[in-house]
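Comments concern the structure below.
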Protein chains: 2
Amino acid sequence: MARLKIKDILKSGKAGDEVVAKGWVRTKRGSKNVNFIALNDGSTINNLQIVVDVESFDEAVLRDINTGASLAVTGTLVESAGSGQNIELNAREIKVLGKADPEKFPIQSKKHSLEFLRENAHLRFRTNTFGAIFRIRHAMAFAIHKYFNEKGFNYLHTPIITASDAEGAGQMFRVSTLDAKNPPLTEEGAIDYSQDFFGRATNLTVSGQLEGELGALALGEIYTFGPTFRAENSNTTRHLAEFWMIEPEMAFYDLKDNMDLAEEFLKSCIKYALDNCMDDLKFLAQRLEQEEKNKPQDQRSMPLIEKLQFVLDNDFIRLTYTEAIDILRNSKPFKKNQFQFPVEWGIDLQSEHERYLVEKHFKCPVILTDYPKDIKAFYMKQNDDNKTVRAMDVLFPQIGEIIGGSQREEDLTKLENRMKEMDIPVDEMWWYLDTRRFGSVVHSGFGLGFERFILFVTGMGNIRDVIAFPRTPKNAEF
Amino acid sequence: MARLKIKDILKSGKAGDEVVAKGWVRTKRGSKNVNFIALNDGSTINNLQIVVDVESFDEAVLRDINTGASLAVTGTLVESAGSGQNIELNAREIKVLGKADPEKFPIQSKKHSLEFLRENAHLRFRTNTFGAIFRIRHAMAFAIHKYFNEKGFNYLHTPIITASDAEGAGQMFRVSTLDAKNPPLTEEGAIDYSQDFFGRATNLTVSGQLEGELGALALGEIYTFGPTFRAENSNTTRHLAEFWMIEPEMAFYDLKDNMDLAEEFLKSCIKYALDNCMDDLKFLAQRLEQEEKNKPQDQRSMPLIEKLQFVLDNDFIRLTYTEAIDILRNSKPFKKNQFQFPVEWGIDLQSEHERYLVEKHFKCPVILTDYPKDIKAFYMKQNDDNKTVRAMDVLFPQIGEIIGGSQREEDLTKLENRMKEMDIPVDEMWWYLDTRRFGSVVHSGFGLGFERFILFVTGMGNIRDVIAFPRTPKNAEF
């Protein structure tokens, strides 16, 4: 008899069906006569309840059925009298596939701290919380590919190892095969990277955008979805040294088209989660509620599912950076000196400012546009005021900036001048500038940090908990 | 009026429709009175023919309409008298968005060598060949996600930066932020990696498999799809330093389940290509035919679309490595000393042997199983003969090995012993061994090199031509 997945048994199994289920024991409880085993195979957050008539089984077998052990169970489905499930499995045969010594298996049925589970990231997938998170993470990755595929975008794999540092987005990891202790030197005493694997100094990419533009200015619409890296010594709940980014780039899109796309895209993914991940979302919603139950009412998060629905139901408010600064300077927290950071035209907005706009003032996701050029990257399209650029940031409740993007400067002269002003090596970027030299067009794009988006969808608080094996300062375990 | 994509105009446009099309000029030809512009926007390999009544336009505008220039064209669709298209666009207004100096734009309408286009990889997307390749590459990536999503697999992002070198699959790239010239040293004079970003020596991953197993042994079925790296100085048409791999791992799958999955998976992707990419495939099929027209008949490839259909229509032949060695030793080329490499039990099969089995002997894709343990990795399940392991390689025409996989050793003792025999550091791998310590189950998995698969589907001959910006020894341009 072929094994059925527990998800399928719970969905389509009927009383009287003979089935084989395989999975891992989450809990075992019961009396002298009957045991109840909660069996999970990862296909769903829901467990299959196995009913064991104690008398029919060897004591030795029953002794090995502990949390974490793996079983193959053959038996008959029966309607369940208990609450929480419609159907359960009356065991006729139980085979313990792999034991789990209860003295040694770290993931017991009691609640573990998220920190403890991070140290056991290789086993945390076996908990309800992390099973839910990683199924949702999968669903969101798929929703992203599905959305762009249906819109006619082409998925482009931009390089991970790169010789260009043009974006200046942050500190980079060096990639090398030179002898680490005694690297070859030039006559001038510098490291001779011409002898390195790629014949030059190389780093891990901080963004696929520039190469993405090359694709868009030929294929029309592309997106990247790949790992990016920052060698910043930031030990926060928001930063990873290795994280995944989605970066669409589109020819013939101006800033308005870009905003329309970003809003439609985010809503499409959130709708996919609500349509396809409700069991996992409900669990995480309860988890969040539980976690915050001791907080004062006004410091609690919006309930998870309500929050997702809220984003779906509302048009994102669009305004300029300059208008936002006005609002902030006229706000109560500004007047009462409650903001930690200053608010004046020209500053980069802090999370507290972004969250005030989203959570207090507009009570709605917000798109800010037309930021001061001095706080944005060289490639953003310059406005005629010579002060601002066609940037856009999408701001979400709790998260703050979730998407950053812009219309790109398509005018060769303006772009070159800005690069010179900002000390970006124009010569090294010949390939990027070629797209402005030959058949340049209006185009735009944006970037979404995948893990920040997963934080939003799952309601988790620490970015280390939404990526399988987080890479952070002093940590590359597993 | 909103711009329409050329793909949509060609598909749904009707004579009399007013449209705006935007794109890049592929060619311009015509007479004193009428010009024909082939306009392409990357949405399809097919161009929209723009008909220009020369008298109605400024000479200055017409002069700027050169290959590579970008245009916005407004006009009326009319039925086309020419062959190759049903509909064409009578231009009323043409705006040159970005010029392309014909003296300088490298991608002229004449045929360029693939080598020349590699040096201009930033612009080669604008050719028919590379447009087709990168649309197909997108379609295949999407087909992979779609296939696994529908089967209930979870997409797992395994780490790119890793401290483990357990797979021993090849030379690795070092990742570091230490001072390259004067790295800190320990008292013993070794490099003090405890001061490096991650507090230890780290490299770029060669495979996500081991971490993939951790996911599978909790979530049931997972797959990875991410970049992997080899610092091998191999300058061949088959090797890249940076390439993308797909690695599914499945709990409760034995070797037969693994083979069934691999065969169904490959066929599903190929069917997706035939169903969704026919315009691009037809172009590449013609290209291949053209390229090989001067070869003797018996050295030409099977026509591209026929080859794809052939894989779809045939059951893959399954046999053991030992049986394959027998076939090879009884073959004509062996007896006539025509194989370059020796054939005897224990050797690793070479491409010539694999291709003989597939192309000459069986005339069918082949899955070889149960390889000698000494030529395979430590984690493969040991057979009772103590000589072979439950490995499987899927062999394709022209490509040779396209998939490598195995049932994994789930027995802790056997696995540890094999690791010790092979000098794999057992202690460092505590997290991997924990999955065999706690609730171990039969499981399997395989790896598909994405670019090799794209070579097969597109009929291209050089792996540098199926990835956007290839990374090879002495080359990290763009």
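Filter region B:18-35 down to residues that are in contact (Cβ under 8 Å) with a residue 24 or more places away in the chain and farther than 8 Å from B:T67 by Cα, then give me how many there are.
The qualifying residues number 8.
So, A:S83, is that one at pLDDT 95 or above, within 26 Å of A:L4 (Cα to Cα) and in the same structural domain as A:V52 (by TED's automatic domain parsing) or not? No: the conditions fail for A:S83. Taking B:F469, is it within 31 Å of the chain's Cα centre (by Cα), of a type in the set (F, W, Y), open to solvent by 10 Å² or more (accessible area, probe 1.4 Å) and within 12 Å of chain A (Cβ to nearest Cβ)? No: the conditions fail for B:F469. Report whether or not B:L415 is touching a strand residue (DSSP E or B) at 6+ places or on another chain (Cβ under 6 Å) and buried (at least 23 other Cβ atoms within 10 Å of the Cβ). So B:L415 fails the test. Cβ-Cβ contacts under 6 Å between residues 6 or more apart (or on different chains), taken from a first residue in region A:324-344 that is open to solvent by 100 Å² or more (accessible area, probe 1.4 Å) to a second residue that is β-branched (V, I, T), are listed as A:R329/A:V343. In the set A:G461, A:G449, A:G445, only one residue is among the small types (G, A, S), surrounded by fewer than 21 Cβ atoms within 10 Å (Cβ to Cβ), assigned by TED's automatic domain parsing to the domain that holds A:S234 and within 30 Å of A:P365 (Cβ to Cβ); that residue is A:G461. Each residue in region B:354-385 was checked for being farther than 30 Å from B:D423 by Cα and open to solvent by 30 Å² or more (accessible area, probe 1.4 Å), and 7 of them qualify.
Restricting attention to region A:425-462, the residues being hydrophobic (A, V, I, L, M, F, W, C), under 23 Å from A:E264 (Cβ atoms) and more than 10 Å from chain B (Cβ to nearest Cβ) number 7. For region B:26-45, give me each residue that is open to solvent by 40 Å² or more (accessible area, probe 1.4 Å), charged (D, E, K, R) and either in contact with a strand residue (DSSP E or B) (Cβ under 7 Å, 6 or more places away or on another chain) or not assigned by TED's automatic domain parsing to the domain that holds B:G13 (or both). Correct list: B:R26, B:K28, B:R29.
Across region B:61-74, the qualifying residues are those that are more than 12 Å from B:N90 (Cβ to Cβ) and among the hydroxyl-bearing types (S, T, Y), and the one among them that is surrounded by the most Cβ atoms within 10 Å (Cβ to Cβ) is B:S70. For region A:324-358, the set of residues classified as of a type in the set (D, E, K, R), part of a loop (DSSP other than H, G, I, E, B) and touching a strand residue (DSSP E or B) at 6+ places or on another chain (Cβ under 9 Å) consists of A:D348 only.
Residue count for region B:237-275 satisfying the condition of being in contact with a helix residue (DSSP H, G or I) (Cβ under 6 Å, 6 or more places away or on another chain), of a type in the set (D, E, K, R) and crowded, with 22+ Cβ neighbours inside 10 Å: 2.
Criterion applied to A:S234, A:S194, A:S176, A:S207 was being out of contact with any helix residue (DSSP H, G or I) (no Cβ under 6 Å at 6 or more places or on another chain) and within 8 Å of chain B (Cβ to nearest Cβ), and the one residue passing it is A:S176.
Per-residue answers, yes or no, for (1) outside the structural domain of B:D434 (by TED's automatic domain parsing); (2) closer than 30 Å to B:N314 by Cβ; (3) basic (K, R):
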residue: B:T177; (1), (2), (3): yes, no, no
residue: B:A190; (1), (2), (3): yes, no, no
residue: B:R200; (1), (2), (3): yes, no, yes
residue: B:L217; (1), (2), (3): no, no, no
residue: B:F229; (1), (2), (3): no, no, no
residue: B:N235; (1), (2), (3): no, no, no
residue: B:L240; (1), (2), (3): no, yes, no
residue: B:M259; (1), (2), (3): no, yes, no
residue: B:L266; (1), (2), (3): no, yes, no
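Starting from residues that are among the aromatic types (F, W, Y) and assigned to a loop (DSSP other than H, G, I, E, B), keep the ones in region B:152-208 and report whichever is surrounded by the fewest Cβ atoms within 10 Å (Cβ to Cβ). The selected residue is B:F153.
Applying the criterion of being in contact (Cβ under 8 Å) with a residue 12 or more places away in the chain and either part of a helix (DSSP H, G or I) or not assigned by TED's automatic domain parsing to the domain that holds B:R452 (or both) to the residues of region B:311-323, the residue that is surrounded by the fewest Cβ atoms within 10 Å (Cβ to Cβ) is B:L312. Candidates in region B:96-119 are the residues that are within 11 Å of chain A (Cβ to nearest Cβ) and charged (D, E, K, R); of these, the one that is surrounded by the most Cβ atoms within 10 Å (Cβ to Cβ) is B:K99.
Residue-by-condition table, conditions (1) surrounded by 20 or more Cβ atoms within 10 Å (Cβ to Cβ); (2) over 25 Å from B:R452 (Cα atoms); (3) at pLDDT below 95:
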{"residue": "B:L349", "(1), (2), (3)": "yes, no, no"}
{"residue": "B:E352", "(1), (2), (3)": "no, no, yes"}
{"residue": "B:K387", "(1), (2), (3)": "no, yes, no"}
{"residue": "B:R408", "(1), (2), (3)": "yes, no, no"}
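One residue stands out in region B:120-137 among those that are farther than 18 Å from B:E291 by Cα and open to solvent by 10 Å² or more (accessible area, probe 1.4 Å): the one that is farthest from the other protein chains (Cβ to nearest Cβ), namely B:N120.
Per-residue answers, yes or no, for (1) surrounded by 15 or more Cβ atoms within 10 Å (Cβ to Cβ); (2) within 13 Å of chain A (Cβ to nearest Cβ):
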{"site": "B:I6", "(1), (2)": "yes, yes"}
{"site": "B:W24", "(1), (2)": "yes, yes"}
{"site": "B:N47", "(1), (2)": "yes, no"}
{"site": "B:V52", "(1), (2)": "yes, no"}
{"site": "B:E59", "(1), (2)": "no, no"}
{"site": "B:E79", "(1), (2)": "no, no"}
{"site": "B:N86", "(1), (2)": "no, no"}
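The values are calculated or read from the model by the stated rules, or taken from the named source; none is laboratory data. Bear in mind the structure is a predicted one, so any value in this text is a computation, not a measurement. Quick reminder, even Gly has a Cβ in these numbers, built from the backbone with ideal geometry, and neighbours come from all protein chains shown. Note: accessible area is taken over every heavy atom of the protein model, side chains too, but ligands, DNA and RNA are not part of it. Shrake-Rupley method; radii C 1.70, N 1.55, O 1.52, S 1.80 Å.
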